Each structure stands twice: as structure tokens, then as C-alpha cells.
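Single-structure report; data block below.
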Amino acid sequence: MQLFEKLISHHEAMGLVLESTPRLPVVHTLLEDARGLAVAEDLRARFESPPFDNSAVDGYALRSCDAVAARVFRVVDEAPAGRPARKKLGEGEAIKIFTGGVIPEGADAVAMVENTSGWGEEFELKKAVLPGNNVRKGGEDVHKGEVILHADTEIGAPEIALAATQGYGELPVYRRPKIVVLSSGTELVEPGARDLSPGEIFDSNSFALLAQAFDAGADARRLYAASDNVEVLRAAIEEALSSADVVVTSGGVSVGEKDLVKGVLLSLGVEQIFWGIKLKPGKPVFFGVRENARFFGLPGNPVSAMVCFELFVRPALMRMMGRTDRHRPHIEVYFDEDVENKFGRMHAMRVRLSRTEKGWMAQSVGAQGSGLVSSLTKADALALVGPESEGVRAGDPVEAIVLREEVLF
Ligand code: AMP
Ligand code: MG
């Protein structure tokens with residue numbers, strides 16, 4: 001039986017993960033694939049935007065100096081969006097115009113159709129129009145040469161819209177990490193495939209970890225559940241390592257004789273960075289590196305696997321993508337009763353949050369066993385209790401990692 005050489009704190013573990021996980025190379029990615037990535041370099045406007053003066057409404061372009069109430073105008077042309085008028089405006093003339101249409105030469109304002117009567121060759125103006133009324137000026141949004149997206153900005157819908165207005169079909173980004181998720185355990189059966197035989201359970205981890213990986217913005221793929229057999233595991237892990245930036249396994253990474261993952265990894269040339277964290281749940285976590293691939297061996301207990309993904313894998317994925325907001329929100333919470341920690345390890349305790357006059361109050365979701373899958377569905381946050389104390393007293397400040405950010409609002 002192998003024993004953990006040394007358990008490190010979760011802060012130390014986090015530091016080691018980030019230290020050995022650089023950003024991925026810069027690539028140009030299509031706008032439709034850019035969501036959630038970070039801009040790798042400042043992006044500048046190529047031209048004034050909007051590129052021309054245009055109408056903000058449907059109505060008539062005219063000369064504001066003619067535009068007194070009750071005046072009748074002659075309609076000499078039209079300017080729908082995308083097709084500028086051919087005629088130039090003279091005195092008492094108007095050009096029918098639509099939202100986005102180019103303001104015709106000679107016009108300096110637009111009368112809204114609602115302020116006119118008649119929608120034919122002639123119309124009467126019901127209300128005076130002032131210079132510039134209903135005109136969107138060229139360049140009023142963005143000036144040529146201006147930085148429209150700063151390096152490291154996270155790309156969301158508004159950033160994509162802005163880049164598109166400037167004709168960028170692709171954006172320079174840090175490549176999206178490829179991650180392969182793989183379960184290990186002879187007891188595991190594919191959900192939906194068949195009924196369970198005695199001693200078997202359904203594989204939940206790989207599906208949960210896959211969802212977490214997508215949630216972090218990674219390009220995620222799930223392999224099958226490998227049995228606790230050295231050859232099977234070696235083949236699965238080798239396949240994963242050679243095709244991914246990040247490989248995450250669950251199970252088989254503790255100190256039992258069926259825990260084969262670590263031995264297989266070392267035999268495949270993975271360099272161990274750490275194995276064992278002073279954390280509950282999640283003591284046996286393994287982290288290693290082989291060339292450009294990062295390997296996380298997470299424990300098999302479902303809560304441990306998911307919590308450790310949150311704490312270690314998610315920040316690593318975010319960093320690879322150049323995302324500076326790589327941590328979930330950390331807030332200060334308190335308990336309204338004393339909470340023990342007899343584990344001698346940091347307890348990442350599943351809690352519900354509620355807002356009170358004294359701040360955020362945390363309450364345990366109930367039993368904290370690391371096999372209790374239903375407990376995580378009830379948790380808003382992980383409160384970090386210990387490890388240097390026996391626990392915390394009622395009212396003491398405790399750091400918590402918020403898993404459901406919507407509870408904060
Ligand atoms: P291990 O870390 O392999 O000793 O597994 C610890 C516990 O987690 C055992 O009860 C396993 O049956 C369970 N377990 C391991 N892998 C999975 C999985 N993919 N889905 C659900 N439970 C698992
Ligand atoms: Mg196992």
C-alpha cells in the first residue's frame with residue numbers, strides 16, 4: 001500500500017496548479033466560437049461607426065430650415081436601409097427614409113412618420129423639426145483607431161456584437177482547452193445502458209465533470225468508464241493524454257490496492273506535482289504534468305470529485321483561456337451555531353446561504369458524507385472550515401466559495 005508522502009494545503013495546491021498551467025497559444029477563432037474566451041490583444045476600430053449618418057426612425061429626411069409645422073413637402077425619392085437615395089434635396093422637398101437609411105445629401109434632419117400626415121407623394125408636417133433631429137451621426141458609436149476590446153476582456157454577446165460591427169469575422173483569443181473526462185472503477189455502469197447487477201453503481205462522475213467542464217467554457221469530451229485493470233486504465237489514460245490539454249479522472253487515486261491511477265500515470269511519464277491535499281472532501285487528489293497535458297486525478301466519491309473540480313480544475317481551465325476572473329466569488333459568511341472540524345483538514349462544507357442583517361448566514365445542507373450526491377443539489381456555497389482550528393464559533397467570519405452566483409443577487 002502506498003501512503004501519501006505529505007498533504008499540502010488547498011491554497012498551496014491551487015498555487016501549484018496555476019504555476020504549472022500556462023495560457024494556451026493564441027489563435028484566431030470565429031465569432032460564433034468566441035463566447036467565454038478572452039481577447040488576446042487589443043482590438044482597434046477599423047473605421048468610424050456607424051460608417052455614415054443614418055436615420056434613427058422611419059419618416060422623411062428634409063432640411064430643418066424648411067421644417068415648420070403645417071408645411072407641405074414633396075416626396076422626391078426614398079432611402080431604405082442599404083440603398084441610399086439617388087436624388088439630392090432641394091427646398092420644400094423630402095426623401096422618404098427608413099431606420100438605418102443613409103441621410104441624403106442636403107438633408108440635416110428626419111421627421112418621424114408619426115408627426116406627418118399622408119404617406120404618398122406629398123405630406124404635411126405636423127410639428128417643427130430641428131437640425132439633427134432623428135439623425136444618428138457617423139462615428140457617434142466608435143472612432144477609427146480606438147481600442148474597442150482591450151486584451152484580456154472576456155468575450156460575451158456585447159463584445160461579439162462590437163467586433164462584428166467592425167467587420168471582424170475572427171478574434172484573437174487564447175485557445176479553448178480540450179479536456180477529456182474519464183471514470184475508473186469496475187463497479188461502474190453506463191446510466192441508461194442496463195440494470196445494475198449486485199455491487200454495481202451507475203457512473204455519475206464523468207457526466208457531472210463533463211457538465212462542469214462545459215460550464216467553465218472548455219471543449220469537453222467524455223471517455224468510457226474504465227475498469228480497475230492496469231491495462232485498461234493505461235490504454236484509456238494514454239488515449240486521453242495524447243488528445244487533450246487537460247485530463248480528469250475520477251476514482252482509483254487513493255491508497256487502496258485497487259487504486260491504480262497513480263501508478264499508471266507515473267508509468268506513462270506523467271510527472272507528479274502533488275498527491276494529497278489537506279482537504280475534506282478531496283484528500284487523495286493527484287496533479288501532474290506530461291509535456292503540454294495537465295492531469296487531475298480526482299477521488300471517486302461524487303461530492304469529492306465535483307468539489308475538487310471546482311477548486312482546482314476550473315481555475316486551471318480559466319487560466320488556460322486567459323480568463324482573469326478565474327475564481328468563483330469568495331464571500332465572508334457566518335454560522336449561527338458552533339461548527340466543529342475534527343478532521344485535521346480544511347472542510348469545504350456544503351452550505352445554503354441566506355442574507356441577514358449581519359451578512360451572509362451559512363447553514364449546513366445536512367449530512368456531509370462525500371458520497372451524498374443529493375447534498376450538492378442543495379448547496380449554494382462551500383464554507384471553508386478549519387483546518388488550523390477545531391472549527392468555528394457562532395458568528396465568526398468564515399470564507400466561502402459561492403457555487404450558485406444567482407443567490408447573491
Ligand atoms: P474510489 O476513489 O475509486 O475508491 O471510489 C470511491 C467511491 O466513489 C466508491 O464508493 C466508488 O464506487 C465511488 N465512485 C467511483 N467512481 C465513481 C463514478 N464515476 N460515479 C459514481 N461513483 C463513483
Ligand atoms: Mg474505485
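We did not get these values from a lab; they are worked out from the coordinates using the rules stated. Please read these numbers as outputs of a predicted model, since none were measured by experiment. Cβ coordinates were reconstructed from backbone atoms using ideal geometry, including for glycine residues, and neighbour counts include every protein chain displayed.
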Final fewest-first order of Met306, Met346 on the 10 Å Cβ neighbour count is Met346, Met306
Taking Cα atoms only, helix 10-19 is inclined relative to the longest principal axis of the chain by an angle, in degrees rounded to 10, of 60 degrees
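So for the chain, averaging the separation of alpha carbon pairs under 8 Å that are six or more residues apart and normalising by length, what relative contact order in percent results? Mind dumping the intermediate values first?
On the way: 969 pairs, mean separation 66.4, N = 409.
Worked out over the chain, it gives 16 percent.
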Pull up all non-local amide H partners of Ala109: gap of 5 or more, or a different chain, and H-to-H distance under 5 Å with H placed in the peptide plane.
Leu62, Ser64, Gly132
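So for Met361, Met321, fewest C-beta neighbours within 10 Å to most, what's the order? Write out the running numbers ahead of the final one.
Numbers: Met361 17, Met321 23.
By the 10 Å Cβ count, ascending, the order reads Met361, Met321.
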If you put +1 on each Lys and Arg Cβ and -1 on each Asp and Glu Cβ, how big is the dipole of segment 54-136 around its Cα centre, in Debye rounded to 20?
160 debye
Ascending count of other beta-carbon atoms within 10 Å, so fewest first, for Arg294, Arg175, Arg44
Arg44, Arg175, Arg294
Treating cross-link reach as a plain straight distance, find the lysines whose alpha-carbon is under 29 Å from the alpha-carbon of Lys6, omitting any fewer than eight places away in the same chain.
Lys258, Lys262, Lys278, Lys280, Lys283, Lys342
Each residue of segment 276-288 in turn: what ³J(HN,Hα) in whole Hz from Karplus with 6.51, -1.76, 1.60 and θ = phi - 60°, glycine and Pro shown as x?
x, 10, 6, 9, 10, x, x, 3, x, 3, 10, 9, x
I'd like to know which of Leu266, Pro191, Ala213 lies farthest towards the positive end of the charge dipole of the chain, counting +1 on Cβ of Lys and Arg and -1 on Cβ of Asp and Glu.
Leu266
If the convex hull of the alpha-carbon atoms of segment 329-409 is projected onto planes in all directions, what is the mean projected area in square nanometres?
5.0 nm²
Find which of Tyr334, Ser389, Leu353 sits farthest along the positive direction of the dipole of segment 330-408, computed with +1 on the beta-carbon of Lys and Arg, -1 on that of Asp and Glu, about the Cα centre.
Leu353
Taking amide H positions as placed 1.01 Å from N in the peptide plane, with prolines and chain starts having none, which residues 5 or more places from Asp77, or on another chain, fall under 5 Å of its amide H?
Lys96
Please find, in a Gaussian network model of the chain (springs between Cα atoms separated by less than 10 Å), the residue of Gly100, Gly391, Gly288 whose mean-square fluctuation is greatest.
Gly100
State, to one decimal in nm, how far the label point of Gln363 lies from the label point of Glu121, with both points 7 Å from Cα in the Cβ direction.
7.8 nm
Using θ = phi - 60° and the Karplus relation 6.51 cos²θ - 1.76 cosθ + 1.60, list the HN-Hα couplings for segment 43-57 in order, rounded to whole Hz, with x at every Gly or Pro.
10, 10, 5, 8, 7, 5, 9, x, x, 8, 5, 8, 7, 8, 9
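Calculate the all-directions average of the projected area of segment 54-136's alpha-carbon convex hull, and give it in nm². Write out the running numbers ahead of the final one.
Details: hull surface 16.4 nm².
Directional mean of the projected Cα hull area for segment 54-136 stands at 4.1 nm².
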Set Lys and Arg Cβ to +1 and Asp and Glu Cβ to -1, take the dipole of the chain about its Cα centre, and tell me which of Val402, Leu311, Leu18 lies farthest positive.
Leu18
Among Glu12, Glu170, Glu140, whose mean-square fluctuation peaks in a Gaussian network model of the chain (Cα, cutoff 10 Å)?
Glu140
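Explain nothing, just the number: dipole magnitude of the chain about its Cα centre with +1 on each Lys and Arg Cβ and -1 on each Asp and Glu Cβ, in debye rounded to the nearest 20. Mind dumping the intermediate values first?
On the way: 46 positive and 59 negative charges, 37 e Å.
Here the chain has a charge dipole of around 180 debye.
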So the angle from the long Cα axis of helix 205-215 to the longest Cα principal axis of the chain, reported in degrees to the nearest 10, equals 30 degrees
Provide the three semi-axes, in whole Å and in decreasing order, of the ellipsoid equivalent to the chain as defined by the square roots of 5 times the Cα gyration tensor eigenvalues.
61, 26, 19
